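Encoded as structure tokens, the structure appears first; notes follow it.
The values are calculated or read from the model by the stated rules, or taken from the named source; none is laboratory data. None of these values were measured; they are calculated from a predicted model. Using ideal geometry, Cβ is built from the backbone for each residue, glycine included, and neighbour counts are taken over all protein chains shown. These area figures cover heavy atoms from the full protein model, side chains too; ligands, DNA and RNA do not enter into them. Shrake-Rupley method; radii C 1.70, N 1.55, O 1.52, S 1.80 Å.
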Amino acid sequence: MTAFARHQVRDAYGELTWEIRSVNHRYLETTVRLPEELRALEPSVRERVGQRLGRGKVECSLRFRPGEAAKGEIRVNERVVSQLLDASQQLLRFLHTSSLPTVTDIMQWPGVLETAEQDFTPVQQVALQALDSALDELVAAREREGARLAELIHQRLAAMREQVVRARERMPEVIEGVRERLRARLAEVAGELDPARLEQEMVLLAQRLDVDEEMDRLATHLDEVERVLGSDEPVGRRLDFLMQELNREANTLGSKSADAETTAISVEMKVLIEQMREQVQNIE
């Protein structure tokens with residue numbers, strides 16, 4: 001489900017900014033981008049996303065601008081400086097010169113300046129709290145979109161029910177029309193046929209054309225879609241399955257069709273089902 005959330009916090013440790021993007025995907029796929037100082041957070045980030053979301057391609061990105069409290073203290077490694085000066089004195093005696101290295105020269109020597117190791121645990125805690133807030137915003141955005149998608153699906157369900165009613169009302173007329181056409185075609189040879197056998201064949205044909213069972217299943221599936229849409233649990237995969245079942249019954253109606261209107265009903269059902277299927281891909 002498509003959604004976006006951005007959450008920013010500031011304190012003595014600096015500025016933390018979460019950006020979370022979610023797009024449609026059949027399963028949950030999470031991408032995490034973290035600054036090097038907070039790389040250890042990745043397992044916790046993935047766990048929190050998995051607890052809140054069940055479906056979608058989710059990209060979590062964190063930007064960190066360190067504050068004064070997060071900047072490590074710079075220290076001079078006196079041991080390295082002492083060794084460097086001793087080496088300089090030896091070189092001076094060897095070269096017979098009095099030129100000593102400058103302070104800038106010494107500072108640029110590797111290992112002279114050190115940054116004290118910084119404890120980022122407080123920053124990590126703040127970052128995870130900010131992530132929870134960003135996820136709250138993302139879930140709220142997905143719920144708003146979900147409500148809009150549910151309304152669109154309800155509209156298609158209502159249209160599907162109208163098609164089911166049309167198909168039921170049409171079938172008696174279709175079956176009678178088929179019987180009349182058969183009687184007309186067989187009128188010339190009626191004397192050579194067993195009337196009982198002819199009637200039996202007509203009954204079997206009517207049974208093959210009858211779609212009451214398919215329409216009953218369609219109505220049941222439509223009721224189930226309505227029920228699932230009202231659930232608080234992730235329903236995307238369940239709706240995927242129901243769309244397949246609806247399509248199967250619509251295909252059966254088309255295969256049993258004996259007139260243009262019934263075929264048109266089947267086609268209209270498939271169009272509505274495909275429209276719902278496209279929306280279902282966006283639902284968690």
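Miscellaneous remarks
- Per residue, region 1-85 exposes an accessible area of 59 Å² to a 1.4 Å probe, with every protein chain left in place.
- Anisotropy class of region 11-51 from Cα gyration tensor, a/c 1.5 cut: prolate
- Electrostatic bookkeeping for residue 16 treats Lys and Arg as +1 and Asp and Glu as -1; over the other residues with beta carbon under 14 Å from its beta carbon, the sum is 0.
- A Stokes-Einstein calculation at 4 °C with viscosity 1.567 mPa s, built on the Kirkwood radius of region 6-96 over Cα pairs, returns a diffusion coefficient of 76 µm²/s.
- Hull shadow area, averaged, region 124-172 [alpha-carbon convex hull, nm²]: 4.1
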